[in-house]
Each structure stands twice: as C-alpha cells, then as structure tokens.
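Asks: My questions all concern the structure below.
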Amino acid sequence: MRRASSSRHAGDIWLGSGADASLTELLDRARALRASDVHIAPGFPVFARIDGKLQAITDQPLTLSTARHLATAPLSERQRASLQDDLDVDLMCIDDQQQRYRVNIAHANGAVGAVIRLLPLAPMPLADLKLPLAVEIATQRGKGLVLITGSTSQGKTTTMASMIDAINRRDRRHIVTIEDPVEYVHPPGQSLVRQREVGRDTQSFATGLRAALRQDPDVLLIGELRDFETIEIALRAAASGMLVISTLHIVSIERMMDRLVAYAPPGRENLVRSMTSEVLHLVVHQELLPTLDGGKRVAAEVMVGTRAIRNLLRGGSETQLRSALMSGSAAGMVTMQASLDALVNEGAIAESIRDDVLKNYAAIN
C-alpha cells in the first residue's frame, strides 16, 4: 500500500500499486465513459451505469473467483475479516490520480460482488449546477433549515457539497459536516471546514450532531435525516441560529412533512410539525435527468419557507402546497413543470423526458 499525498482524506483506502491492475483498468474505462457506478457480480459482465442505464463494459461474464478477486482488491486484511463476519463492507478509496470511489462490497446469492460509485475530484461550483437562484441565496443565510430532497441517485449529495463549496469560497464561517460516508473532500478556503464520517469520526449522525453543537458551528451539514433523534437535533440547531443543510428521501415536496412526522414517536408528531414550520427556509426537490448531449442536468422544484408556506405546513394543509408553489414565483419558488419546460426550451433535455417526469408526478400527487 502506497503512502497517499497530502490531498488524501484520512481513512481513504489507497488504490495504488497494491490494488489489482485489472480493477484499476476497469475504473479508468468507466471514467472515460462518464459512468457513475460500476457493478461487479459473478455470472455477469462488468456493468457501468452510463446516463442512468446499465451497460456492459466487458465481454465475458465474470467467474466466481474473478468477481471475488476484483471486488475485494481494495480490502485490507482487517476489512476482509469484517466482510467474512458482517457479509458487507463500505469504504472510500483513492487512486494514483487522486480519483475517489465509494465502494460497497457484499454477498449476494452466496457470492461476493461490489458496487463502486465514481466520485468527482472536487465539488462542482454551485453555478455549474444551474439551479434556481434561491439555492445560491440560501447559502448566504445565517440560519434556518435547507432540505435537498428526492429519491436515490438524484444528485442530492452533489448539491449539498456545492452549497458548502460556495460558502467555503466566500465566507469566514465554521462548517461542520456529519456524513456517511464523506464523498467530497473540501479543500482549504475562506471557511474552517470539519468533515466527520459516521463510523470513523463519530458513532452516529445524532452523536456527531450533539458534539457539533458544542463546537461553535455556523453551518451544519447532515448527510441525511433518517431518525427522530437526528431530526430533532437538526431542528433545534436551526432554531438556535445555525444554517442546517440536509437531505430527505421523498418522491415529492408534498410528502416532506409526512416523512419527517413519520419518524416521530407517538405524541411528538406535533413537535416536529411545529418546529419544522418555524425554521424551514428552503426545500429543493431534484430529478437528475439525461441530457441530449449525453450529460446530466437537474430539474429542481423549489419551495421557499414564506409565511404562507409555513402556515400551511403548521396546519397540516400539505394538499394546498401545490397551488402555493404555482403562485410563489415572486418569492423565488419554481415548480417542477417550470423547471422541466426551461430545460426543454434550452435544448438540454428531450420533451419525452419531461413528459415522463410529469406523468410520474401526476401519479404520485
């Protein structure tokens, strides 16, 4: 295992000369194809997710031994023992070109395989994401709750990282992140950025958050809101004067409050509803879509926490959010329809993509 350069993040596994050459070649090929993920499984060729679809990047199916060899190439002896005991392992890796990877190695059908997420070298500048102006404005706020929502693999982590990058480039602020895992490493900038990884630097999101509140933060980034304790601490932090940025897995903005309340134990539902309505500043709901030139763009629905929106949330009137969104453009709100139409008019996405997303929205809502 080769010693990493100073840009390596503590805890990353080095994919240098000790790693299997064929794995490195596969990852290089996947990057050249602009893939987001690589799938290694016995009985199948190696697949890469390109423009949202799985495509084979090798000709022959992998044997059991070859799949296991490729999947476990990054592991230390301790991690191999952990895989044997726990049946799956998560880790971050870095190669000779400082490219970073999020790796999940797991058993399926009695055999070992892996899924490898290819990560950008650095956070994208926020302007490059071409999100609505309200997102940039949110990074300038000193307090409140900002939620980036959507289903899996819709670019939520990328947007959060770009928001932190914008703050780091511009402001003298103390930023504490609690992530699982750390995907984007923020270089030194104007801010002091302390990135903590669950399982390595802290036991859980809630534990890390409780500690962060004693560390004089201006900005808290929480990788995901997925339990009541984390949600409660995040809401209290936002209420006490911090800017809190996090993600929530939902299929539409209308489902936001239901999801948060669902995590609350009996008798605490109204607390979550009341606190959220008090501190909510912005919700950005994302759909990551293939573009006509082979890339990806985000269609974003934006809900600003105006007094009218907060009153609807406090009163449990989520069914009226859609009409409030449609009439809220002066406050910076953007509907998914408007975002999709803009992408079509720009020539970025096909009309069929827009129509499919809108059809799904109609079915959900």
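FYI, it's all coordinate maths here, none of it is from the lab. Predicted model only: the values in this text are computed from it and were never measured. Ideal geometry is used to build each Cβ from the backbone, glycine not excepted, and the neighbour counts take in all protein chains shown.
Asks: Over the Cα atoms of the range 126-364, compute the convex hull volume and normalise it per residue, giving Å³.
Replies: Per residue, the Cα convex hull of the range 126-364 comes to 123 Å³.
Asks: Oh, and also: Given points 7 Å out from each Cα along the Cα-Cβ axis, report the ARG200 to ASP28 separation in nanometres with one decimal.
Replies: Taking the two extended label points, one gets 2.5 nm.
Asks: For the chain, set up a GNM with springs between Cα atoms under 10 Å and report which of THR319, THR230, THR276 has the largest fluctuation.
Replies: Per the Cα network of the chain with a 10 Å cutoff, THR319 tops the list.
Asks: Measuring from label point to label point, each 7 Å out along Cα→Cβ, what is the ALA108 to ALA342 span in nm?
Replies: Using points 7 Å along Cα→Cβ, the separation is 3.7 nm.
Asks: Roughly what would the spin-label model give for ALA363 and LEU87, points 7 Å off Cα along C-beta, in nm?
Replies: Distance between label points: 3.1 nm.
Asks: Can you tell me which of 102-110, 88-96 comes out highest on packing, and rank the rest after it, using the mean Cβ neighbours within 10 Å?
Replies: Listed from highest to lowest mean packing, they are 88-96, 102-110.
Asks: Per Stokes-Einstein, at 20 °C and 1.002 mPa s, what whole-number D in µm² s⁻¹ belongs to the range 13-119, with the Kirkwood radius over Cα pairs as the hydrodynamic radius?
Replies: My calculation gives 156 µm²/s for D.
Asks: Also, quick follow-up: Among ILE309, VAL272, PRO217, whose Cα sits farthest toward the positive end of the charge dipole of the chain (+1 at Cβ of Lys/Arg, -1 at Cβ of Asp/Glu, about the Cα centre)?
Replies: PRO217
Asks: Any idea what the relative contact order of the range 103-244 is, in percent, if you count C-alpha pairs under 8 Å spaced at least 6 apart?
Replies: 24
Asks: Could I ask something else about it? Return a whole-number percent for the relative contact order of the range 30-161, with Cα pairs under 8 Å and 6 or more residues apart as the contact set.
Replies: Relative contact order of the range 30-161: 19 percent.
Asks: So what is the 222 nm mean residue ellipticity for the chain from helices alone, if each DSSP H run of at least 4 adds -39500 (n - 2.57) and you divide by all residues, rounding to the nearest 500 deg cm²/dmol?
Replies: Rounded to the nearest 500, the figure is -10500 deg cm²/dmol.
Asks: Using alpha carbon centroids, what distance separates the range 133-188 and the range 51-126, in Å?
Replies: Spelled out, the Cα-based centre of one part sits 26 Å from the other.
Asks: Something else now. Ratio of Rg to Rh for the range 189-324, alpha carbon only, Kirkwood?
Replies: Here the Rg-to-Rh quotient is 1.00.
Asks: Further question on the same structure: Based on the Cβ-Cβ distance from GLN140 to HIS249, what FRET efficiency comes out when R0 is 30 Å, to the nearest 0.05?
Replies: Calculated value: 0.65.
Asks: I would also like to ask the following. Can you tell me, using C-alpha contacts under 8 Å and at least 6 residues apart, the relative contact order of the chain as a whole percent?
Replies: Averaging sequence separation for qualifying contacts and normalising by length gives 13 percent for the chain.
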